[in-house]
Amino acid sequence: MSAERVPVRFYQVGSFAVGNRLVSADRRNAQSDPQRANSLTSGHRACAGCGEALGARYALDAATRVTNGQLVAVNATGCLEVFSTPYPETSWQLPWLHSLFANSPSVATGVAAGLRSLGKSEVRVVAQGGDGGTADIGMGALSGMFERNDDVLYICYDNEAYMNTGVQRSSATPGAARTATTDVVGEHPGNVFGTGKFVPAIAMAHEIPYVATASVADLFDLETKVERAMSMHGARYLHILVPCPLGWGSASSDTIRLSRLAEETGLFPVFEAENGELTGSRTIRHRVPVEEYLRLQRRFSHLFTREGEVKDVATVARIQAIADRNIRRYRLSEEVS
Amino acid sequence: MLQQIEGSRAVASAVALCRPNVVCAYPISPQTHIIEAIGAMVKAGELDAEFVNVDSEMAAMSVLIGASAVGARAYTATASQGLLYMMEAVYNVAGLGLPAVMTLANRALGAPINIWNDHSDAMSVRDAGWVQLFAETNQEAIDLHILAFSLAEELSVPVMVCVDGFILTHAIERVDVPEQTQVDRLLAPFEPRHVLDPHDPVSIGAMVGPDAFTEVRYLASIRLSRALDVLPPLAQRHSDELARSVPSLVSPYRLDDADVVVVAMGSVLGTIKDVIDEMRDDGHAIGALGVSCFRPFPKDQIRDALAGASRVVVVEKAFSLGYGGILATDIALVLSGRGIPIHTVIAGLGGRPVWAASLRTCFNEAVDATLSETTFLDLDEEVVAREVDRMAATRRSGPSAENVLRDLAERSRT
Ligand SMILES: Cc1ncc(C[n+]2csc(CCOP(=O)(O)OP(=O)(O)O)c2C)c(N)n1
Ligand code: SF4
Ligand SMILES: [Mg+2]
């Protein structure tokens, strides 16, 4: 009898994710709330299994919850903008502005400055864009917004290529990945290695109040980070990995699995930083070799045989080395932390 | 209040009187003194505004977009390369129907890089959907800025006040700066047409396809063209309040019974008027028409003003490469069917002084019906011919800009 009363806490799934039912009501995530904001509501045109659609809804619902709905969103051009809106439809349940591809950080600065000057500082501002809009064309604007420490949370939905224009390489595309502009031809099929940039590190170099990375596979962590970000003022940056079934050549049903594998391989380090210093990392509890992540994606299929055996051993080893370095650099393993 | 101040300072004072909420600054000559002066006012607490030192002109215009979209009154100033750098946002703010106000301290466009005055920058955004007003004097620069905020917010369109770089921005002269109470009477608080408001969420700036794009753009053009109806009474209100004539669409000068009419924009009208006075004294029936509002183009007012002209000379500080005059083309279209000669005089490029004597020669030729269709005022034909020959003779003839300057230096030595 008494044994039955002891709350049973256990890891329900192989991923170690905690089932929402198992935590106390006040710690449950925004998504589990029937009254959730649905900032990006249903009916939009994203592909089935789009990680970006999930990431945006998770992040903005959490931000809406902590700001009591006093939130404005600025959106760069890209998949999120296109699939959510063509007039007269809009999936946005919050005030939303799309201006251009390169300028969403600056537009958000203007929104924040305008609100402050009108005495409406209680209304908070989120700017959002894809990896192309963030790491490439919007980098100058983003850096300016960071440097001025403007009161904006910028969220990058990183699907590792220019998806909206048909899957071209961006500076966030990983080595070996096939895109429409890094074809699997020539001596080094797919994207080259040794190029590209990791925007969270660039954000940290600006010593802004808060930088974090998150994945759509870990809702609690993602929401906690949005809440943490919104509890602060000044420039904040959140980088969310969002698998793209169309661009990655993955099954729609694998979006969450791929997010989780990206984290568990170390290829996508999940951490947070304040004022330029690493303050917390999600340690990998169940480390996975990179091929398990790569194998599920057609953009890496040239690395494997038809049967799924590693064919290009050297390239896979190179990708593994990147994962290992991330684990050291961002203290993702219990051994090194 | 009468003050002896620099044009930039005058513009800054006018802008401050309009109580902007957000001002963006990115430096480029000859606009710098304007934003510096506003920045100082904000820092000193004389002006209650957000002053944002941005990372580029693209950011400056984008900040204006964001600020305007939440209902804030937003202002910036730029010139030349800065205008081109923000070009995408210049079109965007107009397309979104947001009433930003910007000073354009007119300057040439490179290459070759040149910081001095002409109108190439303003002409490059002719089709962007902004109202473009041109100041002839620093007094007009002041008055047009106040008018610009009224007009922009009334119509929900952005307004650009073109002020000749250096010639006006850096000229120190006497101007009458209005009192705050006067400007407050002229400029009501900004009531946006659409606004980002959590209590009434809207989506602004979404995609429009072929099904409605024509209609949406047509409506944008109607909205812009309404300036032609709204501006004259508004300018009259401002004139009444300020007790002086605030420019509206066009500014006629000695047009009565004028056979030859000179059309121009901006500060060059001052020199043109002097020449016209001289020629009137000599008995020639000549007058001038200043175009104060270039976009939307006041076709009817120009047609009426030029009704009595038998010959038109358009003096302009820009041209369309491979074609010719830009304002002249617009004037020609307005006068099509009249069958009167229309001459283009391209003058003052990259800060080249527009001498009264050179204009007088052109206008005399116009009176004598010997003026050619297009004249590049004071063009150094000899230097041009040498470079043309050089290019014909040598494949790798080098940069023309350098060659021309070497030729000039050589000539001045001999
Ligand atoms: C100035 C400019 N250059 C290029 C484009 C074309 N363009 C629109 S969306 C897009 C790709 C966006 O990629 P990303 O930012 O990664 O977002 P995603 O679509 O992948 O979510 C591009 C290249 C544009 N709209 N504007
Ligand atoms: S292409 Fe990718 S990012 Fe775009 S809607 Fe489809 S799944 Fe989402
Ligand atoms: Mg992308």
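Only one of these is more than 20 Å from B:Gly110 (Cβ to Cβ), in contact with a Ser or Thr (Cβ under 9 Å, 6 or more places away or on another chain) and not basic (Lys, Arg): B:Asp389, B:Asp378, B:Asp368. Name it. Give the derivation first.
Working: B:Asp389 fails: in contact with a Ser or Thr (Cβ under 9 Å, 6 or more places away or on another chain); B:Asp368 fails: in contact with a Ser or Thr (Cβ under 9 Å, 6 or more places away or on another chain).
Result: B:Asp378 is the single residue among B:Asp389, B:Asp378, B:Asp368 that is more than 20 Å from B:Gly110 (Cβ to Cβ), in contact with a Ser or Thr (Cβ under 9 Å, 6 or more places away or on another chain) and not basic (Lys, Arg).
From the list B:Glu46, B:Glu88, B:Glu50, pick out the single residue that is assigned by TED's automatic domain parsing to the domain that holds B:Val125 and either closer than 22 Å to B:Ser221 by Cα or of a type outside the set (D, E, K, R) (or both). Full working, then the answer.
Details: B:Glu46 fails: either closer than 22 Å to B:Ser221 by Cα or of a type outside the set (D, E, K, R) (or both); B:Glu50 fails: either closer than 22 Å to B:Ser221 by Cα or of a type outside the set (D, E, K, R) (or both).
Being assigned by TED's automatic domain parsing to the domain that holds B:Val125 and either closer than 22 Å to B:Ser221 by Cα or of a type outside the set (D, E, K, R) (or both) holds for just one of B:Glu46, B:Glu88, B:Glu50, which is B:Glu88.
Only residues that are under 18 Å from the mean Cα position of the chain (by Cα) and away from ligand 2 (no atom under 16 Å from the Cβ): list them for the stretch A:138-173, please.
A:Gly138, A:Met139, A:Leu142, A:Val152, A:Leu153, A:Tyr154, A:Ser171
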| task | Would you be able to tell me the number of residues in the stretch A:241-261 that are of a type in the set (A, V, I, L, M, F, W, C) and more than 16 Å from ligand 1 (Cβ to nearest atom)? | result | 3
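Condition check: surrounded by fewer than 16 Cβ atoms within 10 Å (Cβ to Cβ) and within 30 Å of B:Ser156 (Cβ to Cβ). Does B:Ala243 satisfy that? Before you say what the answer is, go through the steps one by one.
Working: surrounded by fewer than 16 Cβ atoms within 10 Å (Cβ to Cβ): yes; within 30 Å of B:Ser156 (Cβ to Cβ): yes.
It is true that B:Ala243 is surrounded by fewer than 16 Cβ atoms within 10 Å (Cβ to Cβ) and within 30 Å of B:Ser156 (Cβ to Cβ).
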| Looking at the stretch B:1-26, which of its residues are modelled with pLDDT of 95 or more, more than 14 Å from chain A (Cβ to nearest Cβ) and either in contact with a strand residue (DSSP E or B) (Cβ under 8 Å, 6 or more places away or on another chain) or open to solvent by 40 Å² or more (accessible area, probe 1.4 Å) (or both)? | B:Leu2, B:Gln3, B:Gln4, B:Ile5, B:Glu6, B:Gly7, B:Ser8, B:Arg9, B:Ala10, B:Val11, B:Ser13, B:Val15
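Open to solvent by 10 Å² or more (accessible area, probe 1.4 Å), more than 17 Å from A:Gly140 (Cα to Cα) and among the aliphatic types (A, V, I, L, M): which single residue out of B:Leu84, B:Leu47 fits that description?
B:Leu47
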| task | Scan the stretch A:44-87 for residues that are in contact with a strand residue (DSSP E or B) (Cβ under 7 Å, 6 or more places away or on another chain) and modelled with pLDDT under 95 and jot them down. | result | A:Thr85
| message | Here is a check on your reading of the model: is A:Asp183 closer than 23 Å to A:Ile322 by Cα and more than 16 Å from ligand 3 (Cβ to nearest atom)? | response | yes
| field | Qualifying positions in the stretch A:38-53 - more than 16 Å from ligand 1 (Cβ to nearest atom) and in contact with a Leu (Cβ under 7 Å, 6 or more places away or on another chain) | value | A:Ser39
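Residue by residue, here is whether (1) under 15 Å from B:Val195 (Cα atoms); (2) within 11 Å of ligand 1 (Cβ to nearest atom); (3) in contact (Cβ under 8 Å) with a residue 24 or more places away in the chain holds:
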residue	(1), (2), (3)
A:Pro105	no, no, yes
A:Lys120	yes, no, no
A:Gly132	no, yes, yes
A:Ala135	no, yes, yes
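When the residues of the stretch A:81-103 are narrowed to those that are in contact with a Leu (Cβ under 8 Å, 6 or more places away or on another chain) and in contact (Cβ under 8 Å) with a residue 40 or more places away in the chain, which ends up nearest to ligand 1 (Cβ to nearest atom)?
Step one: of the stretch A:81-103, the residues in contact with a Leu (Cβ under 8 Å, 6 or more places away or on another chain) are A:84, A:91-97, A:99.
Remaining after also requiring in contact (Cβ under 8 Å) with a residue 40 or more places away in the chain: A:84, A:91-94.
Values: A:Ser84: 11, A:Ser91: 15, A:Trp92: 16, A:Gln93: 20, A:Leu94: 19 Å.
Looking at residues that are in contact with a Leu (Cβ under 8 Å, 6 or more places away or on another chain) and in contact (Cβ under 8 Å) with a residue 40 or more places away in the chain, I get A:Ser84.
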| Residue selected from the stretch A:101-119 under the condition surrounded by fewer than 24 Cβ atoms within 10 Å (Cβ to Cβ) and part of a loop (DSSP other than H, G, I, E, B), by the criterion farthest from the other protein chains (Cβ to nearest Cβ) | A:Gly119
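Scan B:Val315, B:Val345 and give me the residue that is outside the structural domain of B:Val131 (by TED's automatic domain parsing), open to solvent by less than 30 Å² (accessible area, probe 1.4 Å), assigned to a strand (DSSP E or B) and more than 23 Å from B:Met160 (Cβ to Cβ).
Values: B:Val315 fails: more than 23 Å from B:Met160 (Cβ to Cβ).
Just a single option satisfies the conditions, and that option is B:Val345.
Please count how many residues of the stretch B:44-80 are part of a loop (DSSP other than H, G, I, E, B) and within 9 Å of another protein chain (Cβ to nearest Cβ).
First, pick out the residues of the stretch B:44-80 that are part of a loop (DSSP other than H, G, I, E, B): B:44-49, B:54-56, B:70-73, B:79.
Next, from what is left, pick out any that are within 9 Å of another protein chain (Cβ to nearest Cβ): B:48-49, B:54-56, B:70-73.
Looking only at that region, the number is 9.
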| Qualifying position, being open to solvent by 60 Å² or more (accessible area, probe 1.4 Å), away from chain A (no Cβ under 14 Å) and not aromatic (Phe, Trp, Tyr), among B:Glu173, B:Glu136 | B:Glu173
| query | For the stretch A:90-99, does any single residue satisfy the condition of being of a type in the set (Phe, Trp, Tyr), assigned to a strand (DSSP E or B) and more than 10 Å from chain B (Cβ to nearest Cβ)? | reply | no
| Pick from the stretch A:122-161, criterion within 12 Å of ligand 3 (Cβ to nearest atom) and assigned to a helix (DSSP H, G or I), ranking: surrounded by the fewest Cβ atoms within 10 Å (Cβ to Cβ) | A:Asp136
| field | Evaluation of A:Ala176 against (1) open to solvent by less than 10 Å² (accessible area, probe 1.4 Å); (2) within 16 Å of ligand 1 (Cβ to nearest atom) (one fails), failing number | value | (2)
| task | Quickly run through the stretch A:214-254 and pick out the residues that are in contact with a Lys or Arg (Cβ under 8 Å, 6 or more places away or on another chain) and in a strand (DSSP E or B). | result | A:Ala214, A:Ser215, A:Leu238
| query | Pick from the stretch A:226-240 the residues that are farther than 25 Å from A:Gly190 by Cα and within 16 Å of ligand 1 (Cβ to nearest atom): which of them is farthest from the chain's Cα centre (by Cα)? | reply | A:Tyr237
| task | Scan (1) more than 17 Å from the chain's Cα centre (by Cα); (2) at pLDDT 95 or above; (3) open to solvent by 20 Å² or more (accessible area, probe 1.4 Å) for the single condition A:Gly190 breaks and write down its number. | result | (3)
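Identify the residue in the stretch A:36-86 that is in a helix (DSSP H, G or I) and open to solvent by 30 Å² or more (accessible area, probe 1.4 Å) and, among all such residues, is farthest from the other protein chains (Cβ to nearest Cβ). Let's see the steps before the verdict.
The first filter runs over the stretch A:36-86 and keeps only residues in a helix (DSSP H, G or I), leaving A:51-66, A:79-84.
Checking which are open to solvent by 30 Å² or more (accessible area, probe 1.4 Å) leaves us with A:54, A:57, A:65-66, A:79, A:82.
Values: A:Leu54: 20, A:Arg57: 15, A:Arg65: 13, A:Val66: 13, A:Cys79: 12, A:Val82: 6 Å.
Per the stated criteria, the residue is A:Leu54.
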| note | Given the conditions (1) more than 26 Å from the chain's Cα centre (by Cα); (2) assigned by TED's automatic domain parsing to the domain that holds B:Gly287, every one holds for B:Pro353 apart from (1)
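Residue by residue, here is whether (1) away from ligand 2 (no atom under 16 Å from the Cβ); (2) crowded, with 20+ Cβ neighbours inside 10 Å; (3) within 20 Å of the chain's Cα centre (by Cα) holds:
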position	(1), (2), (3)
A:Ser215	no, yes, yes
A:Thr224	yes, no, yes
A:Pro245	no, yes, yes
A:Pro289	yes, no, no
A:Asp312	yes, no, no
A:Ile322	yes, no, yes
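Against the definition (open to solvent by 10 Å² or more (accessible area, probe 1.4 Å), touching a Cys at 6+ places or on another chain (Cβ under 6 Å), of a type in the set (A, V, I, L, M) and modelled with pLDDT of 95 or more), how does A:Leu296 come out, yes or no? Even if it seems obvious, please write down each step before you answer.
Working: open to solvent by 10 Å² or more (accessible area, probe 1.4 Å): yes; touching a Cys at 6+ places or on another chain (Cβ under 6 Å): no; of a type in the set (A, V, I, L, M): yes; modelled with pLDDT of 95 or more: yes.
It is false that A:Leu296 is open to solvent by 10 Å² or more (accessible area, probe 1.4 Å), touching a Cys at 6+ places or on another chain (Cβ under 6 Å), of a type in the set (A, V, I, L, M) and modelled with pLDDT of 95 or more.
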| Which one of B:Asp389, B:Asp378 is open to solvent by 80 Å² or more (accessible area, probe 1.4 Å) and modelled with pLDDT of 95 or more? | B:Asp389
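The values are calculated or read from the model by the stated rules, or taken from the named source; none is laboratory data. For clarity, every value in this text was computed on a predicted model and none was experimentally measured. We place every Cβ from the backbone using ideal geometry, glycine too, and count neighbours over all the protein chains shown. For accessibility, only protein heavy atoms count, side chains too; no ligands or nucleic acids. Shrake-Rupley method; radii C 1.70, N 1.55, O 1.52, S 1.80 Å.
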